[in-house]
Amino acid sequence: MKRLLLCACSAAVVGLAAHAEVRIAAGPSLAVSQLDAVNVALAGRGVHYRVAKMDYITAPGSGHFGATVFSKDVGNRQLDSRFVPDLLVYASSNPGVLSYAIDTAEGVAHGGLSGADTSGAISRAMGTWAAQTCAPIPMGQVAPLPPGLDLGIVQNILGFGGAPFYLADVTHAGWLPAAFFDAIETNGSQFILGVTYTFIWEDADGNPVDTNGDHKIDAALAETYYNNAFQWTNQAVDFTSPLVDVETIALHESGHALGQDHFGQISLDGKGTQILQQQHVLDVSHLHFSPRAVMNAIYWDTQRAPLGTDQAAHCAIWGTWGQ
Ligand SMILES: [Zn+2]
C-alpha cells in the first residue's frame, strides 16, 4: 500500500494529486507575504515587471514537499506565463535568443565547489534544455561578467545584496545563506534546496499582458537561488548521499525558469510508513516517485537528463518557439 506523505509536511501544503504540483493557495504564509513585499518594492522602483510565483524543491529526508507559491496580487489567478521572443532582454540584438547569466559573487558552494565548478554545472544544465531535439532553444550566456558581480533582484529587495537590475532573461543568482531561505518558509533553510522566482510583465495599469496572444501571460524574467546551508557536489551521487548534485538542481530550477511546473506523485511505501510511525524517521530509500522526473517536487538523486514527462512538457512549451 502506498500512502501519500502528507503527515510530516508543512501545514500549508493543501494536497498532492497525480499530475499536479503542490500548489499553495494565497494565504498567510511567509512565502506569500514575501512575494507581495517584493512586488510593493518593484512598484516603488517604477518598473513594469512583478514576481508572479516562486517554485522551490526540497531535500528528500526533510518531510517537506516542494511547492509553488503565487503572489496574492498578480499571481493569484495562477495563470501560466511564457517568454515571448519580442520581449526578451536581447530581442533587438539577438532575436529569439534566450539569455542567461550566472552570478559571479556567490558561486562558491559549501562542499568545496568553486564558482567555476558551480557555473560549469549550471551551464551544462542550461545546455541540456537548449539541446532537446523536439524544441532546440537558441540560448546564450551573458559573459564574461566581471568577478564579484552580485546579481539578483529578489535578494536585493530583501536585503541580501544582489542588484536592482537584470542582465538576462534567466539569472542564476548564486548560493545564498540560510537566512534567505528561512524568509521563504519557517526553517526553510533546513529543507529548501533551491528556489526559482518567475516575473511577468505588466501594462501601465498594472495588468499582466499577453502581447503575442498565446493565452499565456508574458514572462519577464526568472531568478534562481541555491541554498548554501546544504553541502553541494559535482559528483554523481545517489540518494544515500547527504551531498546535493548542483547540475540536477540547476536542471530542475531551469525547468521552472523555462515554464515547467512540478510533476509527479511522491509517496512513501508501506515499510517507509511503518518506519516513520515507529521511529519518526523518514527513510528516503522508501520514497517512490510516479513518475520519476527532473520536475519532481522533491530531490532524490543525480538526474542530469530530462525524463519522459520532462521532455513532453518542455516540447509542448518550446516546440513552437519563434514560429
Ligand atoms: Zn521545483
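For this structure, a couple of remarks:
- Residue check, VAL142 under 20 Å from GLN260 (Cβ atoms) and either touching a Phe, Trp or Tyr at 6+ places or on another chain (Cβ under 8 Å) or surrounded by fewer than 14 Cβ atoms within 10 Å (Cβ to Cβ) (or both): no
- Checking each residue in segment 298-314 for being over 20 Å from SER285 (Cβ atoms) and within 16 Å of the chain's Cα centre (by Cα) picks out ARG304, PRO306, ASP310, ALA313, HIS314.
- Any hit, segment 157-169, residues being among the charged types (D, E, K, R), away from the ligand (no atom under 16 Å from the Cβ), within 29 Å of GLY46 (Cβ to Cβ) and surrounded by fewer than 24 Cβ atoms within 10 Å (Cβ to Cβ): no
- Only a single criterion out of (1) at pLDDT below 95; (2) assigned to a loop (DSSP other than H, G, I, E, B); (3) surrounded by 20 or more Cβ atoms within 10 Å (Cβ to Cβ) is not satisfied by LYS72, namely (3).
- Residue check, SER254 over 20 Å from ALA168 (Cβ atoms) and either touching a residue at least 40 places away in the same chain (Cβ under 8 Å) or surrounded by 24 or more Cβ atoms within 10 Å (Cβ to Cβ) (or both): no
- Among the residues of segment 278-323, the ones that are within 14 Å of the ligand (Cβ to nearest atom) and in contact with a Lys or Arg (Cβ under 6 Å, 6 or more places away or on another chain) come to 0 in all.
- Close pairs (9 angstrom Cβ cut-off, 6 or more residues apart or separate chains): over 19 Å from SER33 (Cβ atoms) in segment 185-202, of a type in the set (S, T, N, Q) and more than 16 Å from the ligand (Cβ to nearest atom) anywhere: TRP201/THR211
- Top-ranked residue in segment 39-62 [being of a type outside the set (Lys, Arg) and touching a helix residue (DSSP H, G or I) at 6+ places or on another chain (Cβ under 6 Å); ranked as farthest from the ligand (Cβ to nearest atom)]: ALA41
- Within segment 274-304, the set of residues being surrounded by 13 or more Cβ atoms within 10 Å (Cβ to Cβ) and either of a type in the set (Val, Ile, Thr) or within 30 Å of PRO95 (Cα to Cα) (or both) comprises ILE275, VAL284, VAL294, MET295, ILE298, THR302, ARG304.
- Scanning segment 236-264 for residues that are near the ligand (Cβ under 10 Å from one of its atoms), assigned to a helix (DSSP H, G or I) and of a type in the set (D, E, K, R) turns up just one, GLU253.
- Residue within segment 195-208 that is part of a loop (DSSP other than H, G, I, E, B), modelled with pLDDT of 95 or more and not β-branched (Val, Ile, Thr) present: no
- The one condition from (1) within 16 Å of the ligand (Cβ to nearest atom); (2) closer than 30 Å to TYR100 by Cα that GLN231 does not meet is (1).
- Any hit, segment 209-228, residues being assigned to a loop (DSSP other than H, G, I, E, B), within 16 Å of the ligand (Cβ to nearest atom) and at pLDDT 95 or above: no
- Unmet requirement for ALA222, which otherwise passes all of (1) among the hydrophobic types (A, V, I, L, M, F, W, C); (2) within 14 Å of the chain's Cα centre (by Cα); (3) surrounded by fewer than 21 Cβ atoms within 10 Å (Cβ to Cβ): (3)
- Residue match in segment 265-288 (condition: modelled with pLDDT under 95 and of a type in the set (Lys, Arg)): yes
The values are calculated or read from the model by the stated rules, or taken from the named source; none is laboratory data. For clarity, every value in this text was computed on a predicted model and none was experimentally measured. When we count neighbours, we look across all protein chains shown, and the Cβ atoms used for this are built from the backbone with ideal geometry, even at glycine.
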